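So the structure is just underneath, and the comments pick up after that.
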Amino acid sequence: MNIRAVVLVAALLALAACTSKDKKVDLPAKLVDIPSPTVRIQKVWGASVGGGGKKQRLGLGLGTAGDRLFAAGRDGDVAAFNLKTGKQIWRTKTDLALAGGTGVGAGLVVVGSLDGHVVALSADDGAKKWAVDVKGEVLSSPAVAEKEIIVRTVDGRLRALSIDDGKELWSAEQQIPKLTLRGTAAPVVAHDMAISGFDNGRVLAVSLADGATVWDSPVSPPHGRTELERLNDIDAAVKVAGDDVFVAGYQGRAAMLAIDSGQIWWTRDVSSYRGVDVDDEQMYISTSGGEVVAMKRRTGAEVWRNDSLKRRGLSAPAVVGEYVAVADLDGYVHFFDRATGNIAGREKTSGDRVTNAPLVVDDVLYVINDKGDLTALRGTPIVARAAKAEKTAPPPAAEPAAAPAPGG
C-alpha cells in the first residue's frame, strides 16, 4: 500500500470508531455573532482558476510578482490576475492533475502534478517553457531562485532543477517514516540556501550551488509507542524573517532557529500542519485542533490563545495590517486583533474549504479555496463609537472669567 494511503486508512478507522453508538463526535465549533466588530472587511474582488473535486490536501497556493497574482487549479489550469482588479490576464491549460504551486520568480510560474511532472510557464503570457518528470508526487509549491527551481517530492527528496530547461542539478534526501500525513512542506529559498521541513520532524538547509548540507536540525524528534503517536510531520513552509527561521510541526513543536547554523534558540510543544507567520514582535500559529496562538518571537512565550474556532480546519495565519487572519473549512475568513487575540471581524468567501495559506500584499488579503475560487479582502479598522462621538462633539463652552479680587 502507498505510504500516503496508510494514514488515510488510519484516519478512516479512527473516524469509524468515533462514530460508533457509544462515542460522541466532536463537531466543528459553531460560529457566534461578533457583538462589536473592530474591523470592516471589504471584498475587493473575486475570480476563479477552477478545479473542484474530492477533498484532498493539495499545495495549490498563490504566488505574486509585480502587479500580478498567479494561481493554479487541480484540473490543470494556471492563470494570472491583476492584483488590484482581479481581471484575468492569461490562462494556460496544462492538462495535468496539479497539486503543487504556484512558484513564481525569474519571469516564470512553476507548478507540479500528482504524477511527478513539473511545468514552467512564462509569467508574462503563460507560454510553456519546459516540462520535466521528477518521478515523485509534488504536493507543495516549488521555490524559484535565480538559477534553480527547488522542488519537494513525497519520497523525501529536495531537488534543484535548472531554471533554463528543468534538468536536475542536484538532489538531497531525508529518511521518511512509513506513516505520514498527506502533504509536504514547500521549500523556501533564503541566504543562498534551500530550506525545508520534512516528515521526520527535521529541518534541512542545503546550498543552492550544489545541494550540500549546510545544517540539519531535529526540531521535533518523534515520541510515543505507536506509529500514530510518533507522527511528527513538518508539512508547511518555514518562515524566514531576517536571520531567524520559524517552524511548527504536527504533534511536535514550534521553534525558532538561527538561519546560519540551524541552532535551535527555543521550542514550545504545539501541533500544527498549516504553517506560521510572524511580525516584528510575535509568531502566530494555527494549531491542528483549531486554536490560534500568538507567541513572543524572541522567546516563544505565549502571549494569547483563542480557542473559539476549534476543529474548524484552520488555514495558516497571515499577518495583515493590525490583524492576523485565518480561513476555515467553510470558507470564512476570521480577523484577530494582534495585540489581544480577540476576534475583530469575519467575512465569508465563496463557501468552500480553504487549505492553503492566505497571501498578503499591501495590506490586502488574498485567499484561494479548494475549488479554485479566489477572493481579495481588505480590512479597515472601525473607529470606536465613543472616540467618534468625542471627535464630533462641540467643544465645551468657555468658563466665565473669575471676578477681580477686591482692591485689585
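Filter region 173-200 for residues that are closer than 14 Å to Leu158 by Cβ, at pLDDT below 95 and surrounded by fewer than 24 Cβ atoms within 10 Å (Cβ to Cβ) and give the result. Those that are closer than 14 Å to Leu158 by Cβ, at pLDDT below 95 and surrounded by fewer than 24 Cβ atoms within 10 Å (Cβ to Cβ): Glu173, Gln174, Gln175, Ile176, Asn200. Of the residues making up region 131-165, those that are out of contact with any Ser or Thr (no Cβ under 9 Å at 6 or more places or on another chain) and either outside the structural domain of Gly73 (by TED's automatic domain parsing) or of a type in the set (Ser, Thr, Tyr) (or both) number 1. For region 158-167, the criterion of a residue being under 24 Å from Arg274 (Cβ atoms) and of a type outside the set (Lys, Arg) is satisfied by at least one position.
For the condition assigned to a strand (DSSP E or B), surrounded by fewer than 19 Cβ atoms within 10 Å (Cβ to Cβ) and among the small types (Gly, Ala, Ser), Ala99 does not qualify.
With respect to Ala301, determine if the residue is assigned by TED's automatic domain parsing to the domain that holds Arg338, farther than 20 Å from Leu31 by Cβ and surrounded by fewer than 17 Cβ atoms within 10 Å (Cβ to Cβ). Judged against the criteria, Ala301 is a match. Here is a check on your reading of the model: is Arg91 under 25 Å from Asp373 (Cβ atoms) and either at pLDDT 95 or above or in a strand (DSSP E or B) (or both)? Judged against the criteria, Arg91 is a match. The test for being under 21 Å from Glu173 (Cα atoms), crowded, with 18+ Cβ neighbours inside 10 Å and at pLDDT 95 or above does not hold for Val104. Applying the criterion of being surrounded by fewer than 23 Cβ atoms within 10 Å (Cβ to Cβ) and aliphatic (A, V, I, L, M) to the residues of region 325-368, the residue that is farthest from Arg40 (Cα to Cα) is Leu329. State yes or no: is Val151 among the aliphatic types (A, V, I, L, M) and under 15 Å from Ala237 (Cβ atoms)? The answer is yes for Val151.
The C-beta contact set for region 113-142 (first residue within 14 Å of Thr92 (Cβ to Cβ) and in contact (Cβ under 8 Å) with a residue 12 or more places away in the chain, second residue of a type in the set (Phe, Trp, Tyr) and part of a strand (DSSP E or B), distance under 8 angstrom, 6+ apart or interchain) comprises Val119/Trp130; Ala120/Trp130; Ala123/Phe70; Asp125/Trp90; Gly126/Trp90. For Ala145, the test of being under 16 Å from Pro187 (Cβ atoms), modelled with pLDDT of 95 or more and surrounded by fewer than 24 Cβ atoms within 10 Å (Cβ to Cβ) is passed. Somewhere in region 75-95, is a residue buried (at least 17 other Cβ atoms within 10 Å of the Cβ), of a type in the set (A, V, I, L, M) and touching a Gly at 6+ places or on another chain (Cβ under 6 Å)? The answer is no; no qualifying residue exists.
The values are calculated or read from the model by the stated rules, or taken from the named source; none is laboratory data. It should be emphasised that the depicted structure is a prediction, and the values quoted were computed from it without experimental measurement. Quick reminder, even Gly has a Cβ in these numbers, built from the backbone with ideal geometry, and neighbours come from all protein chains shown.
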